[in-house]
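Below is one structure, written out as structure tokens; comments come after it.
The values are calculated or read from the model by the stated rules, or taken from the named source; none is laboratory data. A quick note: this is a predicted structure, and the numbers were derived from the prediction, not measured. Every residue, glycine among them, receives a Cβ derived from its backbone with ideal geometry; neighbour counts consider all protein chains shown. We work out accessible area using only protein heavy atoms, side chains counted, and drop any ligands, DNA or RNA first. Shrake-Rupley method; radii C 1.70, N 1.55, O 1.52, S 1.80 Å.
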Amino acid sequence: MSRPTAIALALVVIALLGAAPFYATSFAITLLNYIGIYSLVALGVVLLTGFGGLTSFGQAAFVGIAAYSTAWLTTAEGISPWLGLLFALIATGLVATVLGAVTLRLGGHYLPLGTVAWGLAIFFLFGNFEALGRHNGLANVPPIYIGPISLEPTAAIYYLIWTTLIAATILVANLLESREGRAIRSLRGGVVMVESLGINVFRIRLITFIIAALLAALSGWLYAHMSRFVSPAPFDLRMGIQYLFMAILGGSGHILGAVVGAALITLLENALQDVLPLFVRDGQQLEVIVFAVIYVLVLQFARGGVMPFVLRFVPAAAQPPIAAAAPLPRRTMPQSGTPLLSVERLQKRFGGLEAVSQVGFDIKAGEIVGLIGPNGAGKSTVFNLITGALRSDGGKISFLGRDITRAGQRRIAEAGIARTFQHVKLRPSMTLLDNVLLGTYLRTRAGFFKGALRLDRQEERVARFEAFAQLKRVGLADDPYGLAGNLSLGRQRILEVARALAADPALIILDEPAAGLSRMEKNALVDLLRSLRNEGVTVLLVEHDVEFVMGLVDRIVVMDFGSKLVEGTPTAVRADPRVQEAYLGSVA
Ligand code: ADP
Ligand code: MG
């Protein structure tokens, strides 16, 4: 679908929605109001769970906090609902910050469990607080006014709800296509790679969690002033599960999945309420069972939800060409020959295993150094220690004269070290371009606001051009919008090299970059690494192909059983009897 077609289609949908009060029944508008209100929460879940990989069962509690905040303030204090909105957003945001700060560091199942506990606790709080009317709730919540216009009529608040939803959807869609949005999308699938690019995983998670909570708060505010009454029931854990399910049913991998899921569940619930009482006396109980069956079926057979089926009938959007832009500023490379990296008596134990023992070597700026040794010699562990992916048990690592022994991955990335992984760490469902763009994170600035408001376009053009240039450089520019997961494993490694280069490193550390490449691709890689050296970039690499290493590097460090065996020029190392015995003997 071309951009004009997409915009035309969106305008038709918006026109139909806008005219709805003129042709639809008032009951249909009420349903649309609920769909809009639920969609706002589900939109947060799509962002948080679908894109960020963080599961929350507790969104209903956020809706509740906002609804109670505004209801309490506007009834007890007689304050305008607009101030109620401000208060609701602040209260919800604060609670989400505290809750997120406590649970998001823990990772794994702690967040979902934390949100369950939280969802239960807040529900009981609502029901037992005298000021909040206990189980009777708060009545006579005033309607919202825009100037003199009351939004009390169903068809009036309808416009506010859907305008809010459309605006929120556009902002979230913008965000996802921005620098921080890519960081959100990279959260699924292991955080070591993300931190190695200088991205603060905790910060991204926390902000995403807060955004999702604020979307729930908007929903709660609209709900309170639409229904003019709040009580604990609509904010219980069952509703929390329902919101999560709306996102999954609609398709949590797509921004419109929120609306589709909210619409399907609302219409289904409505239909069941009409139909079930015809068959049984207590329809409510049966409804729960019907939903449970649907949950199980969807999770079993259609985990992607409805959106992927819908998208099958919509031609894929044409991707914009990558426009030329001014280059990103580059770091000043250290003078060739100055000491760059120094490793002294490095030590790492895994239980009883001495994976790295008393290893030391130095690298000067502008060198290409090879680290070789049999499988299990400890090479990758050395790389993980240098880049901060692992903490050493002893020894010292300095980079450009600074001690980085205890530094975390992010600080090391900032200092100018970029890396690839022996076991490829890419985001297979992101495009080649987006994967490489992740590498530019530290060289760009645009935050969440700029991204959501599209104030980042200038910087984004520059970053995209840079990423594309790196793809071209490694020979992967044919299809920048293809998915990384569709590349052969060898080419995925090369894509990681492009991502590392996009960070403009002073030192690039490559763990078996040539594994799985054809002879021709290996030659291209040799040319690339040589051209890097000419630019002043220093290279440290592990490689098993001896011909490849010998022809490329200035110096070789040989490891065996966790220790350094020898160090020297390729010719000297090749001639060394110890090396021949330990390693080369079997290969060369
Ligand atoms: P190389 O890259 O030279 O093949 P590694 O550095 O991957 O070797 O591994 C060195 C040794 O440390 C191996 O015996 C390996 O099994 C062990 N090892 C590596 N990582 C871990 C880990 N995270 N936990 C336990 N043992 C590990
Ligand atoms: Mg290894």
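Scaled to the globular estimate 2.2 N^0.38 Å, the Cα spread of segment 105-157, given as radius of gyration, is 1.81. Were the residues from Leu11 through Ile289 laid out at 0.36 nm apart, the gain over their Cα-Cα distance would be 96.2 nm. When you restrict to C-alpha pairs under 8 Å that are six or more residues apart and normalise by the size of segment 27-236, the relative contact order lands at 44 percent. With all projection directions averaged, the alpha carbon convex hull of segment 434-532 covers 6.8 nm².
I'd like the distance between the alpha-carbon centres of segment 391-458 and segment 83-127, rounded to an integer number of Å. First find each Cα centre; the distance between them is then 30 Å. With the charge dipole of segment 27-236 set up from +1 on Lys and Arg Cβ and -1 on Asp and Glu Cβ about the Cα centre, the Cα lying farthest toward the positive end among the listed residues Val194, Ala213, Ala28 is that of Val194. Taking max minus min of the alpha-carbon positions on each principal axis, segment 370-507 gives extents of 47, 34, 22 Å, largest first.
For a quick check of your reading of the filter: which trypsin sites (Lys or Arg not before Pro) in segment 373-479 sit in a DSSP loop and have no more than 12 other Cβ atoms within 10 Å? Provide the component values of the computation, followed by the final result.
On the way: sites: Lys379, Arg391, Lys396, Arg402, Arg406, Arg410, Arg411, Arg419, Lys425, Arg443, Arg445, Lys450, Arg454, Arg457, Arg461, Arg464, Lys472, Arg473; in loops: Arg391, Arg406, Lys425, Arg445, Arg454.
Passing sites in segment 373-479 are Arg391, Arg406, Arg445.
In deg cm²/dmol, rounded to 500, what helix-only [θ] at 222 nm does the chain give when every DSSP H run of at least 4 residues adds -39500 (n - 2.57) and the total is split over its residues? Please list the in-between numbers first.
On the way: 22 runs with 311 residues, N = 588.
Here the helix-only value at 222 nm equals -17000 deg cm²/dmol.
Given a Förster distance of 25 Å, report the FRET efficiency between Ala575 and Gln358 from their Cβ-Cβ distance, rounded to the nearest 0.05. Walk me through the numbers before you get to the answer.
On the way: r = 24 Å, r/R0 = 0.97.
For R0 = 25 Å, the calculated efficiency reads 0.55.
When you work out D = kT/(6 pi eta Rh) for segment 339-587 at 37 °C and 0.692 mPa s, using the Kirkwood radius from C-alpha pairs as Rh and the Stokes-Einstein form, the result is 175 µm²/s. Kirkwood hydrodynamic radius of the chain, from the reciprocal of the average inverse Cα-Cα distance over all distinct pairs: 26.8 Å.
Taking a sphere under 15 Å around the Cβ of Ala355 and counting the other residues whose Cβ falls inside, with K and R at +1 and D and E at -1, yields a net charge of +2.
Full extension of the chain segment joining Arg457 with Ser398 gains 17.5 nm, where the gain is 0.36 nm per residue of separation less the Cα-Cα distance. Long hydrophobic helices in the chain, taken as whole DSSP H segments with a C-alpha length of 30 Å or more on their own axis and mean Kyte-Doolittle hydropathy at least -0.5: 81-103, 154-176, 201-227, 257-279.
Starting from the Kirkwood Rh over alpha-carbon pairs, what translational D in µm² s⁻¹ does segment 27-236 have by Stokes-Einstein at 20 °C and 1.002 mPa s? Roughly 122 µm²/s, to the nearest whole number. Projecting the Cα positions of Ala292, Ile372, Ile265 onto the charge dipole of the chain (unit charges on Cβ atoms of Lys, Arg, Asp and Glu, taken about the Cα centre) puts Ile372 furthest along the positive direction. Rounded to 0.05, the FRET efficiency of the Tyr110 and Ser26 pair, given R0 = 41 Å and the Cβ-Cβ distance, is 0.35.
Here is the list for segment 117-198: chymotrypsin sites (Phe, Trp or Tyr not before Pro) lying in DSSP coil, each with at most 14 other C-beta atoms within 10 angstrom of its C-beta, are Phe129.
Taking R0 as 60 Å, what's the FRET efficiency between Ile170 and Ser336 from their Cβ-Cβ distance, rounded to 0.05? Present the calculation step by step, with values, prior to reporting the outcome.
Working: r = 50 Å, r/R0 = 0.83.
Given R0 = 60 Å and the Cβ-Cβ separation, E is 0.75.
Relative intensity of segment 327-419 on a log10 scale, I(q)/I(0) at q = 0.13, 0.15, 0.23, 0.24 Å⁻¹, equals -0.45, -0.59, -1.27, -1.36, per a Debye sum over C-alpha point scatterers of equal strength in the absence of solvent. Across all directions, the shadow cast by the convex hull of segment 474-532 built on its C-alpha atoms averages 4.2 square nanometres. Under the combined filter of DSSP loop state and at most 13 neighbouring Cβ atoms within 10 Å, segment 230-335 retains these chymotrypsin sites (Phe, Trp or Tyr not before Pro): Phe313.
Find the Cα radius of gyration of segment 504-567, compare it with 2.2 N^0.38 Å by division, and give the number to two decimals.
Cα Rg divided by the expected 2.2 N^0.38 Å: 1.15.
Compared with the direct C-alpha span, the chain from His135 to Val296 gains 54.8 nm at full extension, assuming 0.36 nm per residue. Rolling a 1.4 Å probe over the protein heavy atoms leaves Met226 with an accessible area of roughly 40 Å².
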